[in-house]
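In what follows, a structure is listed as structure tokens, so that the remarks can point back to it.
The values are calculated or read from the model by the stated rules, or taken from the named source; none is laboratory data. All values derive from a computational prediction rather than experimental measurement. We place every Cβ from the backbone using ideal geometry, glycine too, and count neighbours over all the protein chains shown.
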Amino acid sequence: MDSRRLAYLKALDIDVWERRDGSARPKVAPVETVAAPVAPVATVQARTVQSPPPAIAPKIQLPDEDSGVSKLGWEELATAVRSCTKCPLHATRTNGVFGVGDRTARWMIVGEAPGADEDRQGEPFVGRAGQLLNSMLKAIGLAREQVFIANILKSRPPNNRDPKPEEVRACIPYLYRQIELVNPALILCVGRIAAQTLLEVDTPIGKLRGTVHRIATNRPMVVTYHPAYLLRSPVEKRKSWADLLLAMRTFETLQSGATT
């Protein structure tokens, strides 16, 4: 196996085992299944990369009433999130989970809602799923500190159940204000619930992958599996790697257009 590809697999926490001849193969599946042809990062980042698939038209708009959220600055917004009582989840949470990372990042990661670890620490993606997300970012040359990470819901639903529509309606203005303040070039949406919520569809995530969607003032968004799902189904990591490559190509295309 190519050493660079092996490094990518290890960065994504895909276990490898050594053959007696010294070569390595992914543990999750035969190499011909996992290692679909991918270009090295140097090639993916070149200006001659293949253009991403056509974008889907936006399907969600900011709510008409956001209680002034759309006018808040960073500190006021963080205070509003941590003291929010707009839905019953405030009564069962430990912390409102605002978001973390570079507030001027070019990449923004959007997930569904805090889990138990996130609720305790007040920071998104800090458990095992967060560790895998860090590895996914590392595989495309990004550190956690270089992106901004947030969830649709800022409070943990009891027992990690799916968000209720009224909870989403109460909370999503916070996320959209975060998107406006960060002003990312690209949004990476992780997980079925987050993707279906932002796109206002009930389409399975498998059919939402592989396409550049556009939301929030026509910003490009790429959909991939949630790291928690990948922990349960590690064989799907190869599909997430393809999603990451699509995100990289999309970002590079945007950067190329901005500099020409």
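Would you mind finding the one in Glu236, Glu252 that is under 23 Å from Pro114 (Cα atoms), of a type in the set (Asp, Glu) and either assigned by TED's automatic domain parsing to the domain that holds Leu175 or surrounded by fewer than 17 Cβ atoms within 10 Å (Cβ to Cβ) (or both)?
Answer to the check: Glu236.
Which ones in segment 210-227 are more than 12 Å from the chain's Cα centre (by Cα) and not in a strand (DSSP E or B)?
Selection gives Gly210, Thr211, Ala216, Thr217, Asn218.
If you go through segment 147-156 one residue at a time, do you hit one that is in the same structural domain as Pro234 (by TED's automatic domain parsing), over 19 Å from Trp241 (Cβ atoms) and basic (Lys, Arg)?
So far as segment 147-156 goes, yes, one or more of its residues are in the same structural domain as Pro234 (by TED's automatic domain parsing), over 19 Å from Trp241 (Cβ atoms) and basic (Lys, Arg).
Within segment 115-124, how many residues are in contact with a helix residue (DSSP H, G or I) (Cβ under 9 Å, 6 or more places away or on another chain) and farther than 17 Å from Leu198 by Cβ?
6
Identify the residue in segment 171-188 that is farther than 18 Å from Val81 by Cβ and touching a helix residue (DSSP H, G or I) at 6+ places or on another chain (Cβ under 9 Å) and, among all such residues, is surrounded by the most Cβ atoms within 10 Å (Cβ to Cβ).
Leu188
Checking Asn160 against (1) on the phi > 0 side of the Ramachandran plot; (2) of a type outside the set (D, E, K, R); (3) buried (at least 21 other Cβ atoms within 10 Å of the Cβ), only one condition comes out false. Which one?
Only one criterion is unmet by Asn160, namely (3).
What is the one condition in (1) under 28 Å from Arg82 (Cβ atoms); (2) β-branched (Val, Ile, Thr); (3) touching a residue at least 60 places away in the same chain (Cβ under 8 Å) that Val168 does not satisfy?
Here Val168 meets the rest and fails (3).
Here are the criteria: (1) touching a residue at least 60 places away in the same chain (Cβ under 8 Å); (2) assigned to a loop (DSSP other than H, G, I, E, B); (3) hydroxyl-bearing (Ser, Thr, Tyr). Tell me which single one Thr203 does not satisfy.
Evaluating Thr203 over (1) touching a residue at least 60 places away in the same chain (Cβ under 8 Å); (2) assigned to a loop (DSSP other than H, G, I, E, B); (3) hydroxyl-bearing (Ser, Thr, Tyr) leaves (1) as the failure.
(1) in contact (Cβ under 8 Å) with a residue 60 or more places away in the chain; (2) under 18 Å from the mean Cα position of the chain (by Cα); (3) surrounded by fewer than 23 Cβ atoms within 10 Å (Cβ to Cβ): which one isn't true of His90, the others all being true?
Single failed check for His90: (2).
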